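Inspection log for the structure reproduced underneath, given as structure tokens.
The values are calculated or read from the model by the stated rules, or taken from the named source; none is laboratory data. Everything numeric here is computed off the predicted structure, so don't read it as measured data. Cβ atoms come from the backbone with ideal geometry, glycine included; neighbour counts cover every protein chain shown. Note: areas computed on protein heavy atoms with side chains; ligands, DNA, RNA excluded. Shrake-Rupley method; radii C 1.70, N 1.55, O 1.52, S 1.80 Å.
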Amino acid sequence: MHFHGTLEHMTIDEIIGFVGGLDGVLTIRPAPGDGTPDISWGDTFFYYAPDGATPTTAQPFATVVTKNYPGDEASRLDRPDTFRVNIAAGKEAFTRWTGHEPREPASAEVDPSTTDTVIAHPVYGTVGWLAVVNPGERTEASTRELLRAAHHLARSRHERRADSTTR
């Protein structure tokens with residue numbers, strides 16, 4: 001799964017295949033008739049859940065969203081063929097990519113609709129989430145690295161919780 005010159009950016013299916021191929025990942029793709037809220041249909045949520053059950057006490061470690069959500073319109077996901085990968089890669093990765101701590105204000109404003117650029121998530125950046133609108137040639141490798149880091153952190157949190165309940 002490498003960047004194909006004929007595509008402007010990684011496809012949602014490439015991202016889902018990559019993240020879904022990591023160990024213990026539960027991929028949830030809400031759709032009509034499955035009891036999920038309508039607004040989530042078409043989006044994808046990745047959890048570390050080696051037992052295959054949706055965690056009730058953990059957030060996804062990454063998501064792919066295909067539309068604007070209320071209060072989260074700045075990425076302009078209403079443009080054709082536009083989506084955003086959201087990644088909880090941790091404080092270190094956030095600081096390395098943005099140049100500031102999650103709760104600190106950014107020194108320079110970045111347009112959240114800019115494509116193929118790693119940015120602080122326009123809504124959840126204050127809790128350390130990063131985002132990439134339409135990852136492409138410049139950010140494909142970085143997006144994969146950040147997704148691996150987020151997966152590793154989610155697995156570590158899961159293992160710590162499991163250890164604390166078995167003592």
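Annotations for the structure displayed:
- Derived scalar couplings between HN and Hα for the stretch 120-137 equal 5, 4, x, 10, 9, x, 5, 10, x, 7, 9, 8, 9, 7, 6, x, x, 4 Hz in order, rounded to whole Hz, by the Karplus curve 6.51 cos²θ - 1.76 cosθ + 1.60 (θ = phi - 60°), x for Gly and Pro.
- Around the amide H of PHE83, modelled in the peptide plane, lie the amide H atoms of ASN134, all under 5 Å away and 5 or more residues distant in sequence or on another chain.
- Length gained on full extension, ARG29 to GLU73, computed as 0.36 nm times the residue gap minus the Cα-Cα distance: 13.7 nm.
- Convex hull projection area averaged over all views, the chain, Cα basis, nm²: 10.6 nm²
- Per DSSP, loop chymotrypsin sites (Phe, Trp or Tyr not before Pro) in the stretch 6-80 with at most 15 further Cβ within 10 Å: TRP41
- Estimated [θ] at 222 nm from DSSP helical runs (n ≥ 4, -39500 (n - 2.57)) normalised by residues in the chain, nearest 500: -8500 deg cm²/dmol
- Sequence-ordered 3J(HN,Hα) estimates for the stretch 143-159 from the Karplus curve with 6.51, -1.76 and 1.60 and θ = phi - 60° stand at 4, 4, 4, 5, 5, 4, 5, 5, 4, 4, 4, 5, 5, 4, 4, 4, 5 Hz, glycine and proline given as x.
- Contour minus Cα-Cα distance for GLU104 and SER156 (0.36 nm per residue): 16.1 nm
- Given +1 at the Cβ of Lys and Arg, -1 at the Cβ of Asp and Glu and no other charges, the dipole of the stretch 26-167 around its Cα centre is 500 debye to the nearest 20.
- Signed unit charges on C-beta, dipole axis of the chain, positive-most listed residue LEU153, ASN134, THR115: LEU153
- Taking a ≥ b ≥ c as the square roots of the eigenvalues of the Cα gyration tensor, an a/c ratio of 1.5 or more together with a/b no larger than b/c marks the stretch 30-123 as oblate.
- Fraction of accessible area attributable to carbon and sulfur, the stretch 18-167 (%, probe 1.4 Å): 52 percent
- Note on exposure: TYR124, TYR69 ranked by accessible area (1.4 Å probe, complete protein assembly) read TYR124, TYR69, with the most exposed listed first.
- Cα gyration tensor shape of the stretch 99-151, rounded if a/c is under 1.5, else prolate or oblate by comparing a/b with b/c: oblate
- The accessible-area ordering, largest first, of the residues ARG157, ARG138 stands as ARG138, ARG157, per a 1.4 angstrom probe.
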